[in-house]
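What follows is a short report on a single structure.
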Amino acid sequence: MLRDMNLGDGKNLGTREGRIALDCSVRETRQGNFVISTTDFFFPLVESPYLQGRIGAANVLSDLYAEGTGECDFVLMLLAVCRDMEKEVREICTREMVRGFRDACDEAGTTVSGGQTVMNPWPIIGGVATSIVAKGEFVHSDGARVGDVVVLTKPLGTQVAVNVQEWRVDDKPLWKKCRDAGKLSVSEAETMMHTAVCSMTRLNRHGGQ
């Protein structure tokens, strides 16, 4: 659908025909530098609001790192406060989400300089991460060639673990199918989710550096 809406002006680097970017937008400035920016946010994935905040920050920052830059100049935080929670619970959850987000940004050597806050049925957190770099300080995302080596900075399978956790908690048919077939126990599913959360909350900044 978006492809048919004529988004972009043909000047995005690393994208087909310079159109709308998949993750990061890479643009050359009038002064000859390059602005790499990305935005993302997350619905609740874990029971801990603090970890949810860290996941939100690590997720948006990882898009910058994927462009080969390990530095982020600043972050705008996007926050949706749950309007359906009781006031005391809402304040605690919101404070912890923001604390987790801020701690991850501090760890990344960047700062939260602004953002937007709204009321919403779901508590959501994410942001906009921006890095200003010179030519040669980032890697074009369309530069892969046959024979190149792919280096993973985190293990694959995180989304599968999250999906299984959702199936198990909601007792969905897919979970019952896995359980009854003896393919996955409750203990194994919980271990998968724990490993996934540890991965999602960890910055992969070293990959960009």
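Some notes on this structure:
- Heavy-atom SASA rank of 135, 176, 154 (probe 1.4 Å, accessible area, largest first): 135, 176, 154
- Nearest 10 degrees, 0 to 90: helix 186-200 Cα axis against the chain principal axis: 20
- Accessible area per residue, Å², segment 64-163 with all protein chains present, probe 1.4 Å: 60
- Along its three principal directions, the equivalent ellipsoid of segment 114-172 from the Cα gyration tensor extends over semi-axes of 33, 25, 8 Å, largest first.
- Here the translational diffusion coefficient of segment 106-207 follows from Stokes-Einstein with Rh set to the Kirkwood radius across Cα pairs; for 20 °C and 1.002 mPa s it amounts to 120 µm²/s.
- Packing-based ranking of 144-152, 52-60 yields 52-60, 144-152, ordered from highest to lowest mean Cβ neighbour count within 10 Å.
- Of all DSSP beta bridges in the chain, antiparallel share, percent nearest 5: 70
- For segment 54-167, the gyration tensor built on C-alpha atoms gives an oblate shape. Its axis ratio a/c (a ≥ b ≥ c) is at least 1.5, and a/b is not larger than b/c.
- Radius 14 Å from Cβ of residue 108, net charge of other residues (Lys, Arg +1; Asp, Glu -1): -2
- Rounded to the nearest 10 degrees, the angle from helix 87-107 to the longest Cα principal axis of the chain is 40 degrees.
- Per-atom-type breakdown for the chain gives carbon and sulfur 54% of the accessible area (1.4 Å probe, protein chains only).
- For residue 161, net neighbour charge (Lys/Arg +1, Asp/Glu -1) across residues whose Cβ lies under 11 Å away: -2
- Share of Cα-Cα pairs in the chain lying beyond 20 Å, as whole percent: 64
- The spread of Cα positions in segment 20-108, taken along each principal axis and listed from longest to shortest, comes to 50, 26, 21 Å.
- Over the chain, DSSP H runs of length four or greater, each weighted -39,500 (n - 2.57), average out per residue to a 222 nm ellipticity of -11500 deg cm²/dmol.
The values are calculated or read from the model by the stated rules, or taken from the named source; none is laboratory data. These numbers come from a predicted model, not from an experiment. Because the Cβ atoms are built from the backbone with ideal geometry, glycine has one as well, and the counts that use them run over all protein chains shown. Ligands, DNA and RNA are excluded from the accessible area calculation, which covers all protein heavy atoms including side chains. Shrake-Rupley method; radii C 1.70, N 1.55, O 1.52, S 1.80 Å.
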